[in-house]
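Asks: Okay, here's the structure, questions in a sec.
The values are calculated or read from the model by the stated rules, or taken from the named source; none is laboratory data. Computed from a predicted model, the values in this text were never measured in an experiment. Glycine also receives a Cβ, built like all others from the backbone with ideal geometry; neighbour counts cover every protein chain displayed. Side chains are part of the model used for accessible areas, which takes the heavy atoms of the whole protein and leaves out ligands, DNA and RNA. Shrake-Rupley method; radii C 1.70, N 1.55, O 1.52, S 1.80 Å.
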Amino acid sequence: MANSIVLEKLSSRNLLLLFAGNLVVLIILCVAGGKGPRPTNAMHRNTKNCNDKYLQFQNSTKPIDDKSCPERILSLEEDNPRLIGNNLVFYVVLPSDLYSHYTMSRWFQWMITVLQITPLQNPKIKLTNESPTLTFKGAIFGRHHEDDHWRPVHAQDSGIVHSRRLECGVDKEYDIIHCSDVALFELGSVFYTQYLINLQLPQRDGLNSDLPRIKSIEITEIHQNGGFTKVWVAQKSVMCPLLLLATLLFRRQVRIHTIHSPLLITKVITGIGMTNVIFNLPMEYLSLFADVPGLRVWYDVSTGLFYAATAVLWLLFVGEHRMDLDQRNKFSNYWKEITAISVCASVMFLFDVIERGLQIADPFHSIWSTVMGENTARTLLIVSAGCAGFYLLVLIYLMIRAVISMSRKRASLVNVGRVRQMYYEGLITRFKVMVYGTAACGILTVVMFIMINLNEMYYKWGRTEKTIEISSGFLVGIAGLWNLYVLNILLLYAPTSSASQATDEYETVEMSEVNPGGPDALTTLTKPSAD
């Protein structure tokens, strides 16, 4: 590949204009995201109690609501001789009558629920176990209109039960028993306008025997706001075709200006372009027409592919720009680092399949609900963190070596010819632009992360009453930032034709030093020499 790229043809003024344009686009994205609603919203609702004396839920998993409940139990604070513990079913409708003006929307994309138990406070009742296990049978139903029948959201099996480990304690000052919140279920798609949740706590075979006596159960429902989803999808709808076009143009330039096989870096840049196109595919549109619970898995996988491709690009870019190496343009030179990236990505994919993949069929599934599952999850996360740490250390080492070798080479440029001096200056320039651009993306990411933690709710501009949602602006801005990062790499590092006689002479000398079938120009001209 001819080593002349678009970046080397741009003047300082044009680079400054490009930077200013990127900054303006980024500000527009942040403001567009910030002026919309916050990313998530939550609803809190206490469950109602039903004496399922006909065992319609226990035996056949039929939905229990206000109409189908045989006998409502208004309070659990007093003993009820007609109520058998095994017949008690907790149920709640989302959104509830407290949110009568509110309906669930397919733009919500996903739903997470958290369960909180309020123990009955009685001086005669003592806490017997500070880490009790909550065992329950759960079912989720949905409907589009209030007059419709409830439909099962997931496969129902009357014999399946789930468990959650609670952490309970006693407030010594007020002598009050309290228990921790636990995750209940997670849906990857919000297809219906109303949802019904049924829970039954079995009282057989010693199950739930160590739980404190329950006064009430509160369920907190969390979902992505529809307004934020629209802003997020709009950004994807714009960036996806732009990135696809930039990737195709980059490949076209590589084919036109490549004499021998493409350099390793050009292959990786093409790869990061394609993974970013996949990441920006607006798959959310599918959920508007069908129930697609696997969208969150798709999002996690596409994000992981982009992260892995970005890690490989940084590794190869820094490694290939070291001027003290004899061999380049080979994946085998980086097999240890690429293995670490592959292991990290594979482990995270396995974790996602075990957690969210199984939740497609059973929303109540959680890898953290059992001791073995928790140990497995921690092992996977530790392995991935170890691989990521190894990669980071190697990347820092290679970057330091690259900077040192470039400093030495630049000091010796006064003794070389003009053509070779231009070549080395080009290498150093493209290396600096990549490093500075990556550092800018990283710094802005950290700054936005700090801003969202300093003020999670609103950020006020001056004395006006207008507010901007920092968390929304953060998420949209960060996605736009990395999209612009990839877009600029595809545009600035695309090979280009010569525009002057000096550049023609430069390319002629470069190719004259390359033997057919031998090492590429980058290897020949950057190997250690007595220049």
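Asks: Given the protein chains as shown and a 1.4 Å probe, how many square angstrom of residue 433 are accessible, to the nearest 10?
Replies: Here the accessible area works out near 50 Å².
Asks: At 0.36 nm per residue, and after removing the present C-alpha to C-alpha distance, how many nm does the segment from residue 267 to residue 252 gain when stretched out fully?
Replies: Full-extension gain reported as 4.2 nm.
Asks: Can you compute the modelled spin-label distance between residue 362 and residue 286, with each label point 7 Å from Cα toward Cβ, in nm?
Replies: About 2.4 nm, to one decimal.
Asks: Using 0.36 nm per residue, how much length does the chain from residue 103 to residue 220 gain when fully extended, once their Cα-Cα distance is taken away? If you can, show how the numbers build up before the last one.
Replies: Values: separation 117, 0.36 × 117 = 42.12 nm, distance 1.57 nm.
Contour length minus the Cα-Cα distance gives 40.6 nm.
Asks: In what order, largest first, do 251, 13 sit by accessible area if the probe radius is 1.4 Å?
Replies: Reading off the accessible areas and sorting them downward yields 13, 251.
Asks: How high is the relative contact order of segment 146-235, in percent, with contacts defined as C-alpha pairs under 8 Å that are six or more residues apart?
Replies: This gives 15 percent for segment 146-235.
Asks: Given the pairs 9/336; 267/336; 48/137; 35/432; 137/172, which span a C-alpha to C-alpha distance of over 26 angstrom in this model?
Replies: Working: 9/336 35 Å; 267/336 19 Å; 48/137 16 Å; 35/432 35 Å; 137/172 33 Å.
In this structure, 9/336; 35/432; 137/172 lie more than 26 Å apart at Cα.
Asks: For a protection proxy built on the mean count of beta-carbon atoms within 10 angstrom, sort 142-153, 235-246 highest first, please.
Replies: Answer by packing, highest mean first, reads 235-246, 142-153.
Asks: Could you compute the net charge surrounding residue 190? Neighbours are other residues with a C-beta less than 12 Å from the C-beta of residue 190; K and R count +1, D and E count -1. The partial results should precede the final answer.
Replies: Details: positive: 106, 296; negative: 186, 221, 284, 291.
Taking every Cβ under 12 Å from that of residue 190, the sum is -2.
Asks: Here is a further query. Around residue 284, with a cut-off of 13 angstrom between Cβ atoms, what is the net charge of the other residues, counting Lys and Arg +1 and Asp and Glu -1?
Replies: Combined, the nearby Lys, Arg, Asp and Glu give +4.
Asks: Follow-up question, since we're still on this one. Let's see if you can work this out: charge +1 on each Lys and Arg Cβ, -1 on each Asp and Glu Cβ, no other charges. What is the dipole magnitude of segment 1-124 about its Cα centre, in debye to the nearest 20? Please report the intermediate quantities before stating the final value.
Replies: Working: 13 positive and 9 negative charges, 91 e Å.
Computed charge dipole of segment 1-124: roughly 440 debye.
Asks: So if R0 is 25 Å, what FRET efficiency would residue 145 and residue 42 give, r being the distance between their Cβ atoms, rounded to the nearest 0.05?
Replies: So, using R0 = 25 Å, E works out to roughly 0.55.
Asks: A further question follows. Which loop-located trypsin sites (Lys or Arg not before Pro) does segment 157-213 contain, where loop means any DSSP state but H, G, I, E or B and the Cβ has at most 14 other Cβ atoms within 10 Å?
Replies: Here the trypsin sites (Lys or Arg not before Pro) that fit, given the DSSP loop and packing criteria, are 172, 204, 213.
Asks: Quick one: if you stick a label point 7 Å off each Cα along the C-beta vector at residue 496 and residue 56, how many nm between them?
Replies: Between residue 496 and residue 56, the label points sit 7.3 nm apart.
Asks: Using 0.36 nm per residue of separation minus the Cα-Cα distance, give me the extension gain between residue 330 and residue 35 in nm, one decimal.
Replies: Between residue 330 and residue 35, full extension yields an extra 101.5 nm.
Asks: Under the definition of Cα pairs under 8 Å and six or more residues apart, what whole-number percent is the relative contact order of segment 190-289?
Replies: Working: 36 pairs, mean separation 37.2, N = 100.
Reported relative contact order: 37 percent.
Asks: So what is the accessible area of segment 1-112 per residue, in Å², with the probe set to 1.4 Å?
Replies: Accessible surface, normalised per residue, equals 54 Å².
Asks: Between residue 181 and residue 213, how many nm apart are label points set 7 Å from Cα along the C-beta direction?
Replies: So the two model labels end up 2.7 nm from each other.
Asks: Report the net charge of residues surrounding residue 165, where surrounding means a beta-carbon distance below 13 angstrom and charges are Lys +1, Arg +1, Asp -1, Glu -1. Kindly include the intermediate steps, with their values, before the conclusion.
Replies: Working: positive: 164; negative: 130, 167, 181, 210, 374.
In short, -4.
Asks: Return the whole-Å distance between the Cα centroid of segment 193-240 and the Cα centroid of segment 4-67.
Replies: 16
Asks: Give a residue-ordered list of calculated ³J(HN,Hα) values for segment 25-34 (Karplus: 6.51 cos²θ - 1.76 cosθ + 1.60, θ = phi - 60°; whole Hz; x for Gly, Pro).
Replies: Values per residue, Gly and Pro as x: 4, 5, 5, 4, 5, 5, 5, 4, x, x Hz.
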